[in-house]
Amino acid sequence: MSKYIIDGGHSLSGTITVDCAKNAYLPILAGTILCDGEVILKRPPRFTDVMNMCLILEKLGMKVTQENDALIINGSKANPRFVPVDIAKLLRSSIFTLGAMLGRFKQARVAYPGGCDIGLRPIDLHLKGLRDMGVIITESHGIINCDATKLHGGMVHLDFASVGATENLILTAVLGKEKTTILNCAREPEIVDLCNFLNKMGARIFGAGTGRIEIEPVKKLYGTEYTPIGDRIIAGTYLIAGAITHGEIEVCGCNTMFFSSLIDKLRYSGCVLKVKSDKIYLKSPKTLKSVGFVETQVYPGFPTDLQAQILTLQTVSEGSCVVQENIFESRFKFVPELIKMGAKVRARDCTAYIEGVDSLSGAEVYAKDLRGGASLVLAGLTAKGYTTVHDIYHIERGYSDLDLCLNSLGAKIRRED
Ligand code: UD1
């Protein structure tokens, strides 16, 4: 198993540009299934989740090639093959093939998806929405069989503004027969990006980024070229890396409005920030101040995917802080690892209480999931001595060359296989 060995205590400085967003790239890759022509997706990030999604597309008969800095995806020979459990379990986003196959072929058969182990991750909202649209669904032995030959439009209300359910319903409805309106849908920037991509292929989707999305069906989508948005979670992770090492960095390539909730917290910590539309400069103070309280919420609230990173920053900030995780039920698995490094954190159910300490000390720690794993790297950057982060395959699902990127800013990280 690969690991990072981090020599802590080096201040970061310099400029870094983020990759395209994982959570935009994955549903967009699934969206290419809807097109029987050629789609060119620029700047593919080298995340294992993206590579695995390409594998899934190939299993469905799509041709995926990489040329220069683009993926060329040809869907002319795609067919609605079964997505078995050994593939579906590779990533949560395998579930997007359900909506996309239903959209194009009006039938789909997929196994339940995998993904980070951060609590129960049901897909009941996806399935209820599909049923509301006339899809007939039967489930047996963990396999979901869907028939959308009687797909109709109408109004679909989501009990919770689920990102994945919103995206799956959009993918299903784009090539339908009647107008579909999704109410209480998620408003995340990655959903807007998916809709922009689909609209560029000829779809007619209105209202993305609001709580009400309307989809007017079209008969066909056409090939296009598209560059997905920059990754706000990676941008946020780098900013916190700059803050936790008392550094001075500039992060480019992501719309800064997408992480305004983090910017607000970093200012409260005592960091100086200069914010432009797609780049941000941060200078961290000698002593960081605790932000007091953070709770995760749906966009534009504080993102659950930055919860582990902001909590880690609190472990070395002056004062005490409460972090409340409201989106996933089991997202503190990294906390016992932080405690091994000297952090003072007490996590119970979905609430963590943090008392800032002067410094962390290097230790052997284990990544348990993607963002929690990245937060252990952040802890290692500030800790005294050496930190070994094991099981970095979790981190590589959503960060490419995190070690080299941080080293380009002055970190001292060695990757060992
Ligand atoms: C997406 C992101 C993930 C992010 C999350 C919340 C992708 C590939 N992943 O995940 O990085 O952390 O949004 O911003 O975009 N839920 C149900 N039933 C459902 C669907 C969801 O109960 O059918 C619950 C989940 O268990 C969770 C909450 O709703 O508690 C949020 O889930 P959702 O918004 O669907 O997140 P994902 O799409 O899985």
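The values are calculated or read from the model by the stated rules, or taken from the named source; none is laboratory data. Please read all numbers here as calculations on a predicted model, not as lab measurements. Neighbour counts run over all protein chains shown; Cβ positions are idealised from the backbone, glycine included.
Residues are listed down the side, and each one gets a yes or a no for (1) touching a residue at least 60 places away in the same chain (Cβ under 8 Å); (2) among the small types (G, A, S):
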{"position": "L221", "(1), (2)": "yes, no"}
{"position": "L239", "(1), (2)": "no, no"}
{"position": "H246", "(1), (2)": "yes, no"}
{"position": "M257", "(1), (2)": "no, no"}
{"position": "R267", "(1), (2)": "no, no"}
{"position": "G270", "(1), (2)": "no, yes"}
{"position": "S277", "(1), (2)": "no, yes"}
{"position": "I280", "(1), (2)": "no, no"}
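Scanning the range 183-217 for residues that are within 16 Å of the ligand (Cβ to nearest atom) and assigned to a helix (DSSP H, G or I) yields P189, E190, I191, V192, D193, L194, C195, N196, F197, L198. Scanning the range 318-342 for residues that are surrounded by fewer than 17 Cβ atoms within 10 Å (Cβ to Cβ) and under 22 Å from the mean Cα position of the chain (by Cα) turns up Q324, N326, E329, S330. In the range 170-191, the residues that are basic (K, R) form Cβ pairs under 7 Å with partners that are in a strand (DSSP E or B) and buried (at least 21 other Cβ atoms within 10 Å of the Cβ), at six or more places apart or across chains, as follows: K179/I215.
Total residues in the range 276-319 satisfying the condition of being out of contact with any helix residue (DSSP H, G or I) (no Cβ under 7 Å at 6 or more places or on another chain), small (G, A, S) and under 19 Å from T245 (Cα atoms): the figure is 2.
Return yes or no: is K274 closer than 30 Å to L34 by Cα, at pLDDT 95 or above and of a type in the set (K, R)?
Details: closer than 30 Å to L34 by Cα: no; at pLDDT 95 or above: yes; of a type in the set (K, R): yes.
Considered against the rule, which asks whether it is closer than 30 Å to L34 by Cα, at pLDDT 95 or above and of a type in the set (K, R), K274 comes out as no.
Just the residues that are aliphatic (A, V, I, L, M) and without any contact (Cβ under 8 Å) to a residue 24 or more places away in the chain, please, taken from the range 44-91.
Taking the range 44-91 first, the residues aliphatic (A, V, I, L, M) are 50-51, 53, 55-57, 60, 62, 64, 70-73, 78, 83, 85, 87-88, 90-91.
Once the filter is applied, which keeps residues that are aliphatic (A, V, I, L, M) and without any contact (Cβ under 8 Å) to a residue 24 or more places away in the chain, the range 44-91 yields M51, V64.
If you go through the range 53-66 one residue at a time, do you hit one that is under 21 Å from L41 (Cα atoms) and within 14 Å of the ligand (Cβ to nearest atom)? Looking through the range 53-66, at least one residue is under 21 Å from L41 (Cα atoms) and within 14 Å of the ligand (Cβ to nearest atom).
Which members of the range 352-370 meet the condition of being charged (D, E, K, R), under 12 Å from T315 (Cα atoms) and assigned to a loop (DSSP other than H, G, I, E, B)?
Of all residues in the range 352-370, those charged (D, E, K, R) come to 355, 358, 364, 368-369.
Filter again for under 12 Å from T315 (Cα atoms), leaving 355, 358.
Across the range 352-370, the qualifying residue is only D358.
Evaluated against (1) farther than 20 Å from T224 by Cα; (2) of a type outside the set (A, V, I, L, M, F, W, C); (3) at pLDDT below 95, K106 falls short on exactly one condition, (3).
The numbered conditions (1) touching a Ser or Thr at 6+ places or on another chain (Cβ under 6 Å); (2) of a type in the set (A, V, I, L, M, F, W, C); (3) away from the ligand (no atom under 13 Å from the Cβ) are all true for L125 except (3).
Residue by residue, here is whether (1) under 23 Å from H10 (Cβ atoms); (2) in a strand (DSSP E or B); (3) touching a His at 6+ places or on another chain (Cβ under 7 Å); (4) in the same structural domain as F160 (by TED's automatic domain parsing) holds:
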position	(1), (2), (3), (4)
K219	no, no, no, yes
Y238	yes, no, no, no
G242	yes, no, no, no
I263	no, no, no, no
G270	yes, no, no, no
Y281	yes, yes, no, no
T287	yes, no, no, no
D305	no, no, no, no
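For the range 104-122, the candidate set comprises residues that are of a type outside the set (A, V, I, L, M, F, W, C), more than 13 Å from the ligand (Cβ to nearest atom) and over 14 Å from S94 (Cα atoms); within that set, the residue that is surrounded by the most Cβ atoms within 10 Å (Cβ to Cβ) is R104.
Look at S94 and say whether it is within 12 Å of the ligand (Cβ to nearest atom), without any contact (Cβ under 8 Å) to a residue 60 or more places away in the chain and touching a Pro at 6+ places or on another chain (Cβ under 6 Å). Walk me through it before giving the result.
Details: within 12 Å of the ligand (Cβ to nearest atom): yes; without any contact (Cβ under 8 Å) to a residue 60 or more places away in the chain: yes; touching a Pro at 6+ places or on another chain (Cβ under 6 Å): yes.
Yes, satisfied.
Scanning the range 305-353 for residues that are touching a residue at least 60 places away in the same chain (Cβ under 8 Å) and touching a strand residue (DSSP E or B) at 6+ places or on another chain (Cβ under 7 Å), we see that the one that is nearest to the ligand (Cβ to nearest atom) is Q307.
With respect to the conditions (1) surrounded by 21 or more Cβ atoms within 10 Å (Cβ to Cβ); (2) over 22 Å from the mean Cα position of the chain (by Cα), R371 lacks only one, and its number is (2).
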